[in-house]
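This report concerns only the one structure given below.
Please treat every number below as a calculation from the coordinates, not as lab data. Every value quoted in this text rests on a predicted model; they were computed, and no experiment measured them. Neighbour counts are summed over all protein chains in view; Cβ atoms, including those assigned to glycine, are modelled from backbone coordinates with ideal geometry.
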Amino acid sequence: MSTLLVIQAYSKDKSAHLDRLNQHFITSYQQAHPKDRIIFHDLTNDGSLTLNSQMIMALRKKQHQKPLSEFEQKLLCEHDDWLNDFMLADKYLFVAPIQQRFLPAELKQYLDLIVATLTKLAPHKKALHLQATDRTYHPRSLKYFWDTYKHKHNLGNKYLQKLLSFHGLKDFTTLHIEGLANCCSSCDLSLKHCQKQLTKIANTF
């Protein structure tokens, strides 16, 4: 039995297409791996894990073995719970739209607080980065709004892949779709194609 950690960094109200694809993958994954455990970290709706002055001070006190207040102990306990989930997981699903040609701030904070504190990840671990956005960021034929590409200008995806690779995770897949602001037949076809791709990935993930 494996553990899948789903790391969500989007608002369901503002990213309906992304949520639709995320739910499709989860359903497909559960059908393909009924005995696996799934853990969810919702970075947008759970504001407890925040890289602010209080968290930085608590981490600094812990590093130097200084006394912690009750509030700081609570912060670090939540941090450790999320860190333990990440360490125990065998597979990671990162779900986030492109923001300012990069990752959402919530996901960047999560990576700074969790992933950047790791030493080495086990070689068997794997990750999927699912992106979907209304805007069009990269020039391409109107016929194709999707791909499983490694685009040189997709800075957020490159950062996530390089960061995980630095810590030993080499099995990294990206599924990307953009240009969904205008509902049209091409967008519907692109979404359906992405769902088919996600089903294939889920079966072997």
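Report note on the peptides 109-120, 58-69: ranked by the mean count of other C-beta atoms within 10 Å, highest first, their order is 109-120, 58-69. With a simple spin-label model that places each label point 7 Å from the Cα along the Cα-to-Cβ direction, the separation between residue 193 and residue 122 comes to 3.7 nm. Extending 7 Å from the Cα toward the beta-carbon at both residue 200 and residue 62 defines two label points whose distance is 4.2 nm. Each of the peptides 102-108, 193-199, 5-11 was scored by the mean count of other Cβ atoms within 10 Å over its residues; in descending order, highest first, they stand as 5-11, 102-108, 193-199. A straight chain from residue 1 to residue 73 at 0.36 nm per residue would run longer than the Cα-Cα distance by 22.7 nm. The value of relative contact order for region 2-73, using C-alpha pairs under 8 Å at least six residues apart, is 39 percent.
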